[in-house]
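Inspection log for the structure reproduced underneath, given as structure tokens.
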Amino acid sequence: MPSPADEIASLAASVSPTDAAPPSGAPPSRPTGYWDTTRSATYGFLAALPLFVLYEVGILLANTGPGEIRVGADVWLKSILASIGGMGWAALGAAVVLIGLGVWWYDRNRRPAIVPRYFVLLIAESLAYAIVLAILVGGVVGLLFGMWVVPDLVLAQLSELGLGLQLALSIGAGLYEELVFRVILVGGLFWGLKSLTGLEQNRAYLIAAVLGALVFSGVHHIGTFGDPFTLSVFTFRFLFGLALNAVFLLRGFALAAWTHALYDVLVVTGGL
């Protein structure tokens, strides 16, 4: 039975004909050009590393109160590490190294060349997506409910935190929530639906994307910093989750994570 990683990779590859499998016996082709290269696992890992560093350093510097505030998805993943005997920076560093080694092995036969300016373009592309998606989703919700909604990180509780901590949480949300909700949840649902029920690939991903977006929106109403439930805010996050699913599918994990992070940064700085 194909693994979840192989299933997600094949789904993403099927979107672009340039990523089609080579003829039998031919060596796998390496991605070339900005669009194909930045969809690779190698670029996804390398482009996500700055988000990881900025978040972890920002949390350490900005958490000046008696307790440490972190992104919920980050806490969930670290709790899993703790449950299997790994705790602290050593376990976290080991997890990052293992992911990097896994990416290196996965891309071993078609690893793209590292082009520094592609990372700059990737961030610029993500910023464009963050602005466009916020406007489009906000416009749809405005038509449905007669109000403009920008829900993330605008609660009174969060506004009382320092700007540095708000920025760190924004960056962490982009990284960890995309990892949890896009890669693990939607990817896992897709693999399960396709492998266990035999659903056609596109239908399996559509169902997984809708369910994943519902969960993504719902969890933002849970916990100390959760939003009070309103249908307009729930709908905004549901539609935004679907949009991020599309970014993840078409452009890869790094673009989805940076899009999410930059959107939240724009919100807390008043850019949206």
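Just checking, how many residues over region 105-132 are within 20 Å of the chain's Cα centre (by Cα) and open to solvent by 30 Å² or more (accessible area, probe 1.4 Å)?
Total satisfying the criteria: 11.
Name the residue that is least open to solvent (accessible area, probe 1.4 Å), counting only residues in region 180-233 that are over 18 Å from the mean Cα position of the chain (by Cα), closer than 30 Å to L161 by Cα and of a type in the set (S, T, N, Q).
S232
Might you check whether a residue that is of a type in the set (F, W, Y) and within 26 Å of L144 (Cβ to Cβ) occurs anywhere in region 186-195? Working first, answer last.
Going through region 186-195, the residues of a type in the set (F, W, Y) turn out to be 190-191.
Checking the rest, the ones that are also within 26 Å of L144 (Cβ to Cβ) come to none.
Within region 186-195 (the criterion being of a type in the set (F, W, Y) and within 26 Å of L144 (Cβ to Cβ)), the answer is no, since none of the residues qualifies.
Of the residues T32, T18, T37, only one is open to solvent by 60 Å² or more (accessible area, probe 1.4 Å), among the polar types (S, T, N, Q) and modelled with pLDDT of 75 or more; which? Break it down stepwise before answering.
Working: T18 fails: modelled with pLDDT of 75 or more; T37 fails: open to solvent by 60 Å² or more (accessible area, probe 1.4 Å).
Being open to solvent by 60 Å² or more (accessible area, probe 1.4 Å), among the polar types (S, T, N, Q) and modelled with pLDDT of 75 or more holds for just one of T32, T18, T37, which is T32.
The values are calculated or read from the model by the stated rules, or taken from the named source; none is laboratory data. Just so you know, these numbers come straight off a predicted model, no measurement behind them. No Cβ is skipped: glycine too gets one built from the backbone with ideal geometry, and neighbour counts run over all protein chains shown. For the accessible areas, the whole protein counts, side chains as well, though only heavy atoms, and no ligand, DNA or RNA atoms are used. Shrake-Rupley method; radii C 1.70, N 1.55, O 1.52, S 1.80 Å.
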